[in-house]
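Q: After the structure tokens below, expect a handful of questions from me.
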Amino acid sequence: PARVAALRARRAGRRAIGLAWHTGNRQRGPEQNIRLEQLAPLLARPGVAAISLQYGDHAATIAALRRDTGLELTVEPDIDPWTDLDGFAAQIASLDLVITIDNSTAHFAGALGVPTVVLLPPVPDWRWRLERDDTPWYGSVRLFRRRSGESWDAAIARLGPVLPQQPADIHRDLVWK
């Protein structure tokens, strides 16, 4: 609880959206991974702090996002998702919304009850089933699927309007439009 409170205090009252866009899973990664810049339209909201939940070294990608879009994606320097699972859990618990692909971040966020959107390819891992936008595993998770033949850019364009438009609405609107 102390780490959660400290992380929230760093944001000076702004709502926080956490992002994870990459998995190192060689079998499923090519179908699941999203380029960070493709998520930029979801972050351009007033009063929102964007927080990286991505494990691994993605400093160059994050710097390119800042350079190309002007968007800041905060990396908490004292939390390593690989070696500090308590810190990673506190980081996720401190967020208002998580947007992630199907990786460990989705499961952490769901287990912690944080409002979460999991971006899925047309044929996801069996856990996410094929036709649902919710999951029996985690009540706070909503599934958003890329359609067969659709690019991630097009899928993300469809997602933007259905997310709560104001950060303050995230907790109220778990069942989105």
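The values are calculated or read from the model by the stated rules, or taken from the named source; none is laboratory data. Since the structure is predicted, the reported quantities are computational estimates derived from the model, not experimental observations. Heads up, the Cβs are rebuilt from the backbone with ideal geometry, glycines too, and the neighbour counts pull from every protein chain shown.
Q: Looking at the range 102-144 only, could you name the residues that are among the aliphatic types (A, V, I, L, M) and assigned to a helix (DSSP H, G or I)?
A: Result: 106, 109, 111, 112.
Q: Would you pick out the residues in the range 56-72 that are loosely packed, with under 14 Cβ neighbours inside 10 Å and modelled with pLDDT of 85 or more? Give the steps one after another, and end with the answer.
A: If we filter the range 56-72 for residues that are loosely packed, with under 14 Cβ neighbours inside 10 Å, which is where we start, we get 56-57, 59-60, 63, 66-68, 70, 72.
Residues satisfying the conditions are 59, 60, 63, 66, 67, 68, 70, 72.
Q: From the set of residues in the range 79-114 that are small (Gly, Ala, Ser) and crowded, with 23+ Cβ neighbours inside 10 Å, which is nearest to residue 125 (Cα to Cα)?
A: Quick first cut of the range 79-114, residues small (Gly, Ala, Ser) only: 87, 89-90, 93-94, 104, 106, 109-111, 113.
Keeping just the survivors that are crowded, with 23+ Cβ neighbours inside 10 Å gives 106, 109.
Values: 106: 13, 109: 17 Å.
Among residues in the range 79-114 that are small (Gly, Ala, Ser) and crowded, with 23+ Cβ neighbours inside 10 Å, the one nearest to residue 125 (Cα to Cα) is 106.
Q: Only residues that are at pLDDT 75 or above, out of contact with any Ser or Thr (no Cβ under 8 Å at 6 or more places or on another chain) and assigned to a helix (DSSP H, G or I): list them for the range 21-55, please.
A: Hits for the range 21-55 are 38, 39, 41, 42, 43.
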